[in-house]
Amino acid sequence: MKRINKRYYIIGISLLLCLAVGFTVAFSKDISNVLTNTFLVGTVDSEIKEDKPTVNGEIINKKPRVVNTGSTNALVRVRVIVSPKELWSPDSVPCDIDIDIGADWQYESDEYYYYKGILEVGEEISVFTKVEGVTNEDGKWILSTDNFEISVYQETIATTATNKENGNEINAIVDGVYNHEKAMEIWHIYDTLTLGD
């Protein structure tokens, strides 16, 4: 009789443990489903597209574009790097890259060009369309494909961010219009998080 009682006792404890584990798993699953359904966030994703560059006299027709391939609108910045380095910088010649500074892009001291607008989902923005001044005074090429390269590096981020100091949300759209000052605040938050400033 004592053996049977011990068996029932062990079976009873095992059933209670199974029920407790089942309840805990079900409870955890319910909580995670609530969190997953509560915090749906769009993705910010982009890429550079470009047709093959062509040469027409002293002009290289090169048309890189940033395309928003994500599911949410984005802020965009690009860095243009020319090699060899002495051929071009944003403030020097001889090489001239027709980045539309003023209307579409704004150059900042961190060597990035910031798009002065919001790149909506599925849209694209041209970075530049041509490169000039790559010949000498006699019209002969001073460059060859072996020693000349233009690289375009791009980054995109969300149009809103939260200021960690005061918890306020910053939006690059103010009263329905793009606001460059607010966009730069968002870029600063991004740089602080990624660079640790």
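The values are calculated or read from the model by the stated rules, or taken from the named source; none is laboratory data. This is a predicted model, so every value here is computed, not measured. Don't worry about glycine lacking a Cβ; one is built from the backbone with ideal geometry, like all the others, and counts go over all protein chains shown.
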Checklist entry - Among strands (runs of 3 or more DSSP E) lying entirely in the stretch 144-194, which contain 2 or more residues that are under 30 Å from Thr54 (Cβ atoms) and assigned by TED's automatic domain parsing to the domain that holds Glu123? => result 149-158
Next on the checklist: Yes or no: the stretch 85-96 includes at least one residue that is more than 17 Å from Tyr178 (Cα to Cα), assigned by TED's automatic domain parsing to the domain that holds Ala161, modelled with pLDDT of 75 or more and not aliphatic (A, V, I, L, M).
Outcome noted: no
Checklist entry - Of all residues in the stretch 115-140, which are hydroxyl-bearing (Ser, Thr, Tyr) and modelled with pLDDT of 60 or more? => result Tyr115, Ser126, Thr129
Checklist outcome for this item: Flagged in the stretch 98-111 as under 18 Å from Asn179 (Cβ atoms), touching a Phe, Trp or Tyr at 6+ places or on another chain (Cβ under 9 Å) and part of a loop (DSSP other than H, G, I, E, B), in numbering order, are Asp104, Glu108
